[in-house]
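Please read the structure below before turning to the comments.
The values are calculated or read from the model by the stated rules, or taken from the named source; none is laboratory data. Note that the structure is predicted; figures quoted are calculated from it, not measured. Cβ sites come from the backbone with ideal geometry, for glycine too, and all protein chains shown count toward neighbours.
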């Protein structure tokens, strides 16, 4: 098989067409490179069909597989190029996307809905305002809520039961003003006596 053989030309045109498609991703040409790639791919199939129908169908099947693979590869490599980095910017690190430590300790805490939650809204917990999402239940403003889950920046809440709301309403900020029973002591006997 020499280069002037129709199959050789069909292969060259197919490779050129895929190469032009990849180049279109990296070099914005306003569609000119895409048009040239389309012409090269169609010419590849025409040359292959001139040889015989089986070869033409084979090149059509190869083009149907090669074109999406070439474009997918180009888009996978594009963010690593200087132009891709300039347009997209640097990706945040895992540490930057991790939630703040205080948010992780919110699970199980009781707060008060500050706005109508359908399903998202504002929740006041320990004097701090948080954006929260309810578990698919509408929650009226002023209703007590319990933090169920914290994922990233999303705080998931549910309506608090009567016992949870009462316990949260009773908890003062000053530890010394709480009754001794809250600390788990069964009796007031002196353990040293």
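The numbered conditions (1) surrounded by 12 or more Cβ atoms within 10 Å (Cβ to Cβ); (2) closer than 29 Å to residue 83 by Cβ are all true for residue 60 except (2). Any residue in region 23-38 that is out of contact with any helix residue (DSSP H, G or I) (no Cβ under 6 Å at 6 or more places or on another chain), surrounded by 13 or more Cβ atoms within 10 Å (Cβ to Cβ), assigned to a helix (DSSP H, G or I) and modelled with pLDDT of 90 or more? Yes, that holds for at least one residue. Is there a residue in region 157-165 that is outside any helix (DSSP H, G or I), at pLDDT 90 or above and within 24 Å of the chain's Cα centre (by Cα)? Within region 157-165, one or more residues are outside any helix (DSSP H, G or I), at pLDDT 90 or above and within 24 Å of the chain's Cα centre (by Cα).
Within region 88-100, the set of residues being surrounded by 10 or more Cβ atoms within 10 Å (Cβ to Cβ) and at pLDDT 75 or above comprises 88 only. Residues considered: 11, 62, 71, 7. Of these, the only one that is touching a helix residue (DSSP H, G or I) at 6+ places or on another chain (Cβ under 9 Å) and under 30 Å from residue 88 (Cα atoms) is 71. For region 112-134, the criterion of a residue being assigned to a strand (DSSP E or B), touching a helix residue (DSSP H, G or I) at 6+ places or on another chain (Cβ under 6 Å), at pLDDT 85 or above and closer than 23 Å to residue 162 by Cβ is satisfied by no position.
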